[in-house]
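**Q** Let me begin by handing over the structure; questions about it come next.
The values are calculated or read from the model by the stated rules, or taken from the named source; none is laboratory data. Every value quoted in this text rests on a predicted model; they were computed, and no experiment measured them. All Cβ positions, even for glycine, are placed from backbone atoms using ideal geometry, and neighbour counts span all protein chains on display. Heavy atoms of the whole protein, side chains included, go into the accessibility calculation; ligands, DNA and RNA do not. Shrake-Rupley method; radii C 1.70, N 1.55, O 1.52, S 1.80 Å.
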Amino acid sequence: MSQGPSQHLPTVGKSVPRADGTPKVIGTARYVDDLPAMPGELHGATVRSPVPRGILKSIRFDPNFDWSDITIVTAEDVPLNTVALIAEDQPVLAARHINHAYEPIVLLACADKRRVLLAKNAVSLDIEALPTVLDVHESLKNTHTVWGTDNIQKRYLITKGRADTEDSVSAIDAVLAECEVRVSGSYSSHHQEQLYIEPQGVVAWWDESGVHATGSLQCPFYVHKAFLKTFGEQPSRIHITQAVTGGGFGGKEEYPSIIALHAALLSKKSGKPVRMIYDRKEDIEATTKRHPAFCEIETGCDKDGKLRAIKMRVLMDGGAYLTLTPVVLSRGALHASGAYEWEHARIEALALATNTPPNGAFRGFGAPQTIWAIERHIDKVAAVLGMDPLELKRKNILKLGSVTATGQVLHTSVAGVECLEKARAVSEYDRRRKAYSEKQGRIARGIGAAVFMHGAGFTGSGERYLKGKAAVDLLPGGRLRIRTASTDIGQGTETVFRQIVSDAAQVPLSDVDFAVPCTTHVPDSGPTVASRTVMVVGSIVEAAAREVGDRVRKEQQASGGTFAEAADRLLAREGEVTSLLQYSPPSYIQWDDQHYRGDAYPCFAWACFIAEVEVDRETFEVTVTNFWSATDVGRAINPTQCRGQIEGGALQAIGWALFEELVWDKGIIKNPRMTNYIVPTALDAPPFHTVLVEEPFSFGPGGGAKGIGELPMDGGAPAVAAAVEHALGIPMDDLPLTPERLFARSASGAQT
Amino acid sequence: MAITDLELHSFVRLPTIADVLQTLADRHAASQKTVVLAGGTDWVVEQEMAPPHKPGAELPMVVDISRLSDLQTIHLNGNLLTIGAAATYLQLRRHPHIGMGDKRAALLARMAQDLGALQIQARGTLGGNLATGSPAADGVAALMAYDASVVLQSVRGERTVPITEFQTGYKKSVRAPDEIITQFQISLPTHYNWYWRKVGTRRAQAISKVALAGVAVVESGQIQRIGLGMASVAPVTAALRNTRSYLCSAPLHKLTGAELDAAVNSDCSPIDDVRSTRQYRAHCARVVVREFARSLGAPV
Ligand SMILES: Cc1cc2nc3c(=O)[nH]c(=O)nc-3n(C[C@H](O)[C@H](O)[C@H](O)COP(=O)(O)OP(=O)(O)OC[C@H]3O[C@@H](n4cnc5c(N)ncnc54)[C@H](O)[C@@H]3O)c2cc1C
């Protein structure tokens, strides 16, 4: 049987089953805690600070406890006590200064897991408490300096129009003063826990080849970098492997470096392999969460709704250490002016330190917080103007040729209007909006919309610096193997990459393998973040596959035989047939990092989400009864997975809006369990009506795919809030919209 | 600590109720700890949350009662409904006198449908719900609305306690260590109205912020008999005694919302915790009682 190119049936655009589906469903997939125990393996545990800020005076080990089989690691045992990330402010283990509750101080390991837990209770910490800063407003006052000299972890300023040429504050104020209609408001959003199904976990060991860590993680090379710094080992002596990973949502972007360092430190000291698996409580308490944000907005527009100017200040709570906060803040700032065109803009974004566990990467990466604010604000402007909010959005939406707040001219793959009109039509928005505006009974209905875009790939020149790489190898029998550090954490990378390779090399899908991401064997493709996996790494993989496929076919043309026979001849002759390529971003991208001006992203994905709700006006329970969306993904490589991302992301956003709330008491989390940190269940998921729009991006793989991972998290909360506001007639400017909060804001709540 | 890290307990499954009672009595006499396990949906979770056992500490012996068919039977004799303490919520939902068929005790099935989710309903039991002693127990609220009797048994004999007298304080009850709950007895009115409303944030796996179960017999415009049970508004399931007497005190059309609210307020003492607020719970308590009263014809 010959396998000429004519026989290849395209797989891109088809909803082929997930490559990882069967093993996960039948239970043969091995998550890190399923990996068989290694000989002599110990269990690791962490002693953490019970207070949010203080000076560690001493650590006492109960003399009545038998410590003979317990390995103890403290800050003194850490070769270089810093977690390598953007800054070097975070210690691997706190030595003296404690900056947040749950900060790790002592590590323990023992072969008997129960003994290690008992040992934890036998450690007491003598800490002198210091005054704390627990929110951004306090932090901004700088009464207590808890980070740097002024608590400010990062600041960005984006200016456009007059704010760009003159003194930005007085210029924007002058422009606003000239506008016919001015509206101002402030909007806040809260923490969110990723709540991936599988908590964080790692197994680490040392041997003659160096140090090894296998775990539940998104970015093996981040962990590699952290090991390089802390242990000072040769890069080739550090081996980081991704185990099957049960969800990440950003929560396994930077944090795994810490748990892996801890396990490796215990392993180094004990000389034994160490397994460290967090339980849910420890995971919720100690690991990163979404940054809370407080946004103030003032805008000016014409009476007919033409938006003119925006002045906005974003305050994000970075937590105790910098981690990835500058990047989160950047994405937040770059999405702050929404999907609309403004002549004049001044957007100032600040990240502030608090004595809470560091906030970090979470699907959307700062954008959901600022999109929450701008969408709520535009709805408010519409109310002031007496206009339908979706009509106002339609009037001002960015189009082909529009210029964004950073001065980026949108010249390709712009589908905002199309998404808006499609969602509006399928939801019968206009009819419902009108009908639900009539007088309501006990069960009030409402409908609301959010229009938004999300930049795909790294910001500005990020991809140019990063130089992501991926490889495709030829294997005997004409099989191909993808080697990349882009991980499948449940979002479907493996399946989609196989589809891209299958079509690019014109080989059957079943002939494509996906190598386990291990830093020793795969090239550094950059992290699995920023909606970049398919669009950026997918396009490298596509080019590499095409190259390998072409080489085999050339051999086939020259000397005949099947694809497999030609492949074997080529391998016999050359030993190794591999295409290792590096990403080169589209050449048009110009970015000025100094002034935050230029092409912030190579392209944007677009969407319009419309939520319909029912609100019980007595108990304030909210039910999302329908959820419509139209989302431009460029090209849906696997439509079912694409819908999965959109619906799952929207549900995660609905959870953020309606149910999820971390309850804090002086820096301590009161509800670190799944029974009281409430996420939506399958029964809470509304019927989703999902329309895929395909406005190809010419540099994307598979005929124009764009990033889709984060976008769906952006619009769910403002759409739901708009619907609740429509139903109840009470402004919904602050998240979350729990029944208790709605009740407190309502008239009946105000009376009690 | 994770459930998989629990210490190995000795676990027995005995053939008859009598064997279980004898074992409880013997072990109690010897000061040894024993746990009877029905669905395990409360007990296992409690173990997970407990601190690790000290080495050598005495572990309770676990006696599984979930397969004793005598503890699972449900039958209706005239108006007397008897439910075995180890009958599961799913059995209630599927029973021809409860969730199906003539639905004489439909309230129990409706409550069961809102309890946890299907997985919990397949294992959890009313006996476990009551024995755990949580004020948030949905099943206990429903049993209280029916003014059920609790049948307790030990080698010393059998006794029957009104459900309103079973709980004596937060997680405290009249049950002796060698006793088990064997069944619940409910005297069903021939015709009655019932009400169930759980307020709990999400549609499944929600611990009640407030739940109300109600049973009422109305004749010629007046409530002749009323039963109420409310979850999560007091240290124990609330029987709402003042509310009950107010509702029966006058013809329905003479009842007022303000007086009803006052009665509910006097019956509840909700608290602020991580799940909800005192004010919201108190408000919902009034809202659901009014809704029930309204459904019976009261102008509240
Ligand atoms: C995810 C989840 C969701 C839940 N949702 C709800 C909910 O919505 N509403 C609600 O009310 N509860 C809920 N629960 C709690 C629990 O499921 C119920 O309380 C259930 O009824 C307990 O019954 P069981 O048979 O599983 O008890 P078990 O765990 O077997 O036993 C609990 C306790 O009762 C004792 N016991 C059991 N049977 C007897 C008996 N016959 N005589 C004497 N003592 C006995 C045991 O010794 C033990 O101390 C939930 C639990 C989970 C894990």
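**Q** Would you mind computing, in nm to one decimal, how far apart the modelled labels at A:Lys306 and A:Asp592 are, each placed 7 Å from Cα along Cα→Cβ?
**A** Distance between the two pseudo-spin positions: 2.7 nm.
**Q** Moving to a separate point now. For segment B:91-191, build the charge dipole from Cβ charges (+1 Lys, Arg; -1 Asp, Glu) around the Cα centre, then report which of B:Pro177, B:Gln119, B:Gln91 sits farthest towards its positive end.
**A** Farthest towards the positive pole: B:Gln119.
**Q** Quick one: accessible surface of A:Glu614, probe radius 1.4 Å, all protein chains present, in square angstrom to the nearest 10.
**A** About 50 Å², rounded to the nearest 10.
**Q** Give or take rounding to whole Å, what are the principal axis extents of the alpha carbon atoms in segment B:69-187, in descending order?
**A** 37, 30, 25
**Q** Can I ask one more? How many Å³ per residue does the convex hull of the Cα positions in the protein assembly as shown occupy? All intermediate terms of the calculation are to be shown ahead of the outcome.
**A** Details: hull volume 205.2 nm³, N = 1052.
Convex hull volume per residue, Cα atoms: 195 Å³.
**Q** First obtain the Kirkwood hydrodynamic radius of segment A:621-679 from its Cα pairs, then insert it into the Stokes-Einstein equation at 20 °C and 1.002 mPa s, and state the resulting D in µm² per second as a whole number.
**A** Values: Rh = 14.0 Å.
D = 154 µm²/s.
**Q** State the percentage of accessible surface on segment A:503-571 attributable to carbon and sulfur atoms; use a 1.4 Å probe and exclude ligands, DNA and RNA.
**A** Numbers: 1210 of 2340 Å².
Carbon and sulfur: 51 percent of the exposed surface of segment A:503-571.
**Q** Can you find, among A:Val106, A:Val12, A:Gly27, the residue sitting farthest towards the positive end of the charge dipole of segment A:1-115, where Lys and Arg contribute +1 and Asp and Glu -1 at Cβ?
**A** Farthest towards the positive end: A:Val12.
**Q** Taking accessible area as the heavy-atom solvent-accessible surface of the protein chains with a 1.4 Å probe, which residues of segment B:35-71 lose no less than 50 Å² upon going from the isolated chain to the full protein assembly?
**A** Residues shielded by partner chains are B:Pro52.
**Q** Within 10 Å of each Cβ of A:675-684, how many other protein chain Cβ atoms are there on average? Walk me through the intermediate numbers first.
**A** Values: counts 7, 4, 1, 7, 2, 4, 6, 3, 7, 6.
Going residue by residue through A:675-684 and averaging, the value is 5.
**Q** Can you tell me the order of A:682-688, A:329-335 when each peptide is scored by its average per-residue count of other Cβ atoms within 10 angstrom, highest first?
**A** Numbers: A:682-688: 15.0, A:329-335: 27.0.
Going by the mean number of other Cβ atoms within 10 Å, highest first, we get A:329-335, A:682-688.
**Q** Next question. Calculate the FRET efficiency for A:Ile443 and B:Leu80 from the Cβ-Cβ distance with a Förster distance of 25 Å, rounded to the nearest 0.05. Before the final figure, lay out each step's value.
**A** On the way: r = 39 Å, r/R0 = 1.54.
E between A:Ile443 and B:Leu80, to the nearest 0.05, is 0.05.
**Q** Once you compute Rg and the Kirkwood Rh from C-alpha atoms, what is the Rg to Rh ratio for segment B:9-117?
**A** On the way: Rg = 17.2 Å, Rh = 16.1 Å.
We get a ratio of 1.07 for segment B:9-117.
**Q** Below 8 Å, C-alpha to C-alpha, sequence gap of six or more: please give me the relative contact order for segment A:225-314 in percent. Write down the numbers at each step before the final one.
**A** Numbers: 50 pairs, mean separation 15.7, N = 90.
Result for segment A:225-314 is 17 percent.
**Q** To continue, here is another question. Please report the accessible area of A:Ile443 (heavy atoms, 1.4 Å probe, ligands and nucleic acids excluded) in Å², nearest 10.
**A** 80
**Q** When the solvent-accessible surface of protein heavy atoms is calculated with a 1.4 angstrom probe, in what order do A:Ser170, A:Ser188 fall, highest first?
**A** The ranking, largest first, comes out as A:Ser170, A:Ser188.
**Q** Taking amide H atoms as placed 1.01 Å from N in the peptide plane, list the residues 5 or more away in sequence, or in a different chain, whose amide H sits under 5 Å from that of A:Gly634.
**A** Long-range HN contacts for A:Gly634: A:Glu695, A:Lys706.
**Q** Moving on to the next point. Can you give the net charge of the other residues whose Cβ lies under 10 Å from the Cβ of A:Pro292, counting K and R as +1 and D and E as -1? Don't skip to the answer; put the middle values down first.
**A** Numbers: positive: A:Lys289, A:Arg290; negative: A:Asp135, A:Asp317.
My count for the surroundings of A:Pro292 gives 0.
**Q** Could you give each residue of segment B:74-89 its phi-based ³J(HN,Hα) in whole Hz, using Karplus coefficients 6.51, -1.76, 1.60 with θ = phi - 60°, and x for Gly or Pro?
**A** Each residue's phi maps through the Karplus curve to give 10, 8, 10, 10, x, 9, 9, 9, 10, 10, x, 5, 9, 6, 8, 4 Hz.
**Q** What number comes out for the charge environment of A:Arg308, summing +1 per Lys or Arg and -1 per Asp or Glu over other residues with Cβ under 14 Å away?
**A** 0
**Q** Now a separate question. Which semi-axis lengths, in whole Å and largest first, follow from the square roots of five times the eigenvalues of the Cα gyration tensor of segment A:347-479? Please list the in-between numbers first.
**A** Values: eigenvalues 274, 101, 71 Å².
Listed largest to smallest, the semi-axes of segment A:347-479 are 37, 23, 19 Å.
**Q** How far apart, in nm, are the 7 Å Cα→Cβ label points at A:Lys24 and B:Glu58?
**A** The modelled label-to-label distance comes out at 4.8 nm.
**Q** Can you give the charge dipole size of chain B about its Cα centre, rounded to the nearest 20 debye, using +1 on the beta carbon of Lys and Arg and -1 on the beta carbon of Asp and Glu? Could you put the intermediate results ahead of the total?
**A** Numbers: 31 positive and 25 negative charges, 172 e Å.
I would put it at about 820 debye.
**Q** Report the full-extension gain for the segment B:Arg294 to B:Gln185: residue separation times 0.36 nm, less the Cα-Cα distance, to one decimal in nm. Before the final figure, lay out each step's value.
**A** Values: separation 109, 0.36 × 109 = 39.24 nm, distance 2.86 nm.
Contour length minus Cα-Cα distance gives 36.4 nm.
**Q** Summing -39500 (n - 2.57) over the DSSP H runs of n ≥ 4 in chain B and dividing by its residue number, what mean residue ellipticity at 222 nm do you reach, to the nearest 500 deg cm²/dmol? Please report the intermediate quantities before stating the final value.
**A** Details: 11 runs with 96 residues, N = 300.
Computed ellipticity for chain B at 222 nm equals -9000 deg cm²/dmol.
**Q** Where the centroid of each part is defined by its Cα atoms, how far is segment B:37-61 from segment A:149-224 in Å?
**A** 43
**Q** A follow-up question, please. Which one, A:Ile297, B:Val274, A:Trp372, is farthest towards the positive end of the dipole of the protein assembly as shown when Lys and Arg carry +1 and Asp and Glu -1 on their Cβ?
**A** Highest projection toward the positive end goes to B:Val274.
**Q** So, one more: Provide the packing ranking of B:110-116, A:301-307, i.e. peptides ordered by the mean count of other C-beta atoms within 10 Å per residue, highest first.
**A** Values: B:110-116: 22.1, A:301-307: 16.7.
Order by mean packing, descending: B:110-116, A:301-307.
**Q** May I pose another question? Could you work out the mean count of beta carbons from other protein chains within 10 Å of each residue's beta carbon in B:271-284? The partial results should precede the final answer.
**A** Numbers: counts 0, 1, 4, 12, 6, 4, 7, 1, 6, 11, 1, 1, 12, 7.
Mean inter-chain Cβ contacts per residue within 10 Å come to 5.
**Q** Is the shape of segment B:3-64 best called rounded, prolate or oblate, per the rule: a/c under 1.5 gives rounded, else a/b larger than b/c gives prolate, else oblate, with a ≥ b ≥ c the square roots of the Cα gyration tensor eigenvalues? All intermediate terms of the calculation are to be shown ahead of the outcome.
**A** Details: a/c = 2.47, a/b = 1.46, b/c = 1.70.
Oblate is the answer for segment B:3-64, as a/c is 1.5 or above yet b/c matches or exceeds a/b.
**Q** Can you tell me what percent of all Cα-Cα pairs in segment B:193-296 are more than 15 Å apart? Spell out each step's value before the answer.
**A** Details: 3135 of 5356 pairs.
Result: 59 percent of Cα pairs exceed 15 Å.
**Q** Output needed for segment A:82-132: three equivalent-ellipsoid semi-axes, defined as square roots of 5 times the C-alpha gyration tensor eigenvalues, in descending order, whole Å.
**A** Values: eigenvalues 122, 56, 11 Å².
For segment A:82-132, the ellipsoid semi-axes come out as 25, 17, 7 Å.
**Q** Further question on the same structure: With only Lys, Arg, Asp and Glu charged, each at its Cβ (+1 for the first two, -1 for the last two), find how big the charge dipole of the protein assembly as shown is about the Cα centre; round to the nearest 20 debye.
**A** On the way: 109 positive and 115 negative charges, 339 e Å.
Result for the protein assembly as shown is approximately 1620 debye, rounded to the nearest 20.
**Q** Among the listed pairs A:Lys311/A:Lys422; A:Lys268/B:Lys54; A:Lys225/A:Lys252; A:Lys281/B:Lys198; A:Lys225/A:Lys281, which have their C-alpha atoms separated by more than 21 angstrom in this model?
**A** Details: A:Lys311/A:Lys422 31 Å; A:Lys268/B:Lys54 28 Å; A:Lys225/A:Lys252 15 Å; A:Lys281/B:Lys198 27 Å; A:Lys225/A:Lys281 28 Å.
Beyond 21 Å between Cα atoms: A:Lys311/A:Lys422; A:Lys268/B:Lys54; A:Lys281/B:Lys198; A:Lys225/A:Lys281.
**Q** HN-Hα J couplings of segment A:463-470 from phi, Karplus 6.51/-1.76/1.60, θ = phi - 60°, integer Hz, Gly and Pro as x?
**A** For segment A:463-470, the Karplus-derived couplings read 5, 5, 6, 5, 6, x, 10, 8 Hz, x marking Gly and Pro.
**Q** What is the interface area between chains A and B, defined as buried accessible area summed over both chains with a 1.4 Å probe, reported in Å² to the nearest 100? It would help to have the intermediate numbers written out before the result.
**A** Details: alone 27380 and 14220 Å², together 38850 Å².
For A against B, buried area totals roughly 2700 Å².
**Q** Right, another one. If packing is taken as the average count of other Cβ atoms within 10 Å, what order do A:62-68, B:91-97, A:534-540 fall into, highest mean first? Please report the intermediate quantities before stating the final value.
**A** Working: A:62-68: 10.4, B:91-97: 19.3, A:534-540: 28.0.
With the highest mean Cβ count within 10 Å placed first, the list reads A:534-540, B:91-97, A:62-68.
**Q** Using a 1.4 Å probe on the protein heavy atoms, what percent of the accessible area of segment B:69-187 belongs to carbon and sulfur?
**A** Details: 2190 of 4680 Å².
After summing per-atom areas, the C and S share lands at 47 percent.
**Q** Please work out the Cα center distance from segment B:192-227 to segment B:263-300, rounded to the nearest Å.
**A** What the calculation gives is 11 Å, centre to centre.
**Q** Please give the Cα centre distance for segment B:111-187 versus segment A:430-493, rounded to the nearest Å.
**A** Cα centroid of segment B:111-187 versus Cα centroid of segment A:430-493: 49 Å apart.
**Q** Next question, about the same structure. Quick one: compute the contact order of chain A, relative version, from alpha carbon pairs under 8 angstrom and 6+ residues apart, as a percent. Can you show the working numbers first?
**A** Numbers: 1893 pairs, mean separation 120.1, N = 752.
That works out to 16 percent.
**Q** If you take the beta carbon distance between A:Ser559 and A:His8 as r and set R0 to 35 Å, what does 1/(1 + (r/R0)^6) give as a FRET efficiency, to the nearest 0.05? Intermediate results must be reported in sequence, preceding the final value.
**A** Numbers: r = 21 Å, r/R0 = 0.60.
The calculated FRET efficiency here is 0.95.
**Q** Starting from the 7 Å offset along Cα-to-Cβ, what nm value, one decimal, do you get for the label separation of A:Ile86 and A:His689?
**A** Simple spin-label model gives 4.1 nm for this pair.
**Q** Using alpha-carbon pairs under 8 Å, 6+ residues apart, how would you state the relative contact order of segment B:3-64 in percent? Show your work: numbers first, answer last.
**A** Working: 53 pairs, mean separation 35.6, N = 62.
57 percent.
**Q** Related question: For segment B:148-246, run through the chymotrypsin sites (Phe, Trp or Tyr not before Pro) and keep only the ones in DSSP coil with at most 11 other Cβ atoms within 10 Å of their Cβ. Could you put the intermediate results ahead of the total?
**A** Values: sites: B:Phe166, B:Tyr170, B:Phe184, B:Tyr192, B:Trp194, B:Tyr195, B:Trp196, B:Tyr246; in loops: B:Tyr170, B:Tyr192.
Of the chymotrypsin sites (Phe, Trp or Tyr not before Pro), the ones in loops of segment B:148-246 whose Cβ has at most 11 other Cβ atoms within 10 Å are B:Tyr170.
**Q** Could you pull out every whole DSSP H run in chain B that spans at least 20 Å of Cα extent along its own axis and averages -1.0 or higher on the Kyte-Doolittle scale? If you can, show how the numbers build up before the last one.
**A** Details: long enough: B:278-296 (28 Å, -0.41).
Within chain B the helices that satisfy the rule are B:278-296.
**Q** I would also like to ask the following. Counting each DSSP H run of 4 or more residues in chain A as -39500 (n - 2.57), what helix-only mean residue ellipticity at 222 nm follows after dividing by all residues, to the nearest 500 deg cm²/dmol?
**A** On the way: 22 runs with 233 residues, N = 752.
Result for chain A, helices only: -9500 deg cm²/dmol.
**Q** Let me ask something else about it. Residue-wise, which Karplus ³J(HN,Hα) couplings in Hz belong to segment A:651-667, taking 6.51 cos²θ - 1.76 cosθ + 1.60, θ = phi - 60°, and x for glycine or proline?
**A** My calculation for segment A:651-667 gives 5, 4, 6, 5, x, 4, 6, 9, 10, 6, 7, 7, 9, 9, 9, 6, x Hz in order.
**Q** Can you pull the mean other chain C-beta count within 10 Å for peptide B:197-205?
**A** Neighbouring Cβ atoms belonging to other protein chains average 6 per residue here.
**Q** Grab the beta carbon distance between B:Ala258 and B:Ala176, set R0 = 45 Å, and tell me the FRET efficiency rounded to 0.05. Write out the running numbers ahead of the final one.
**A** Values: r = 44 Å, r/R0 = 0.98.
E(calc), rounded to 0.05, equals 0.50.
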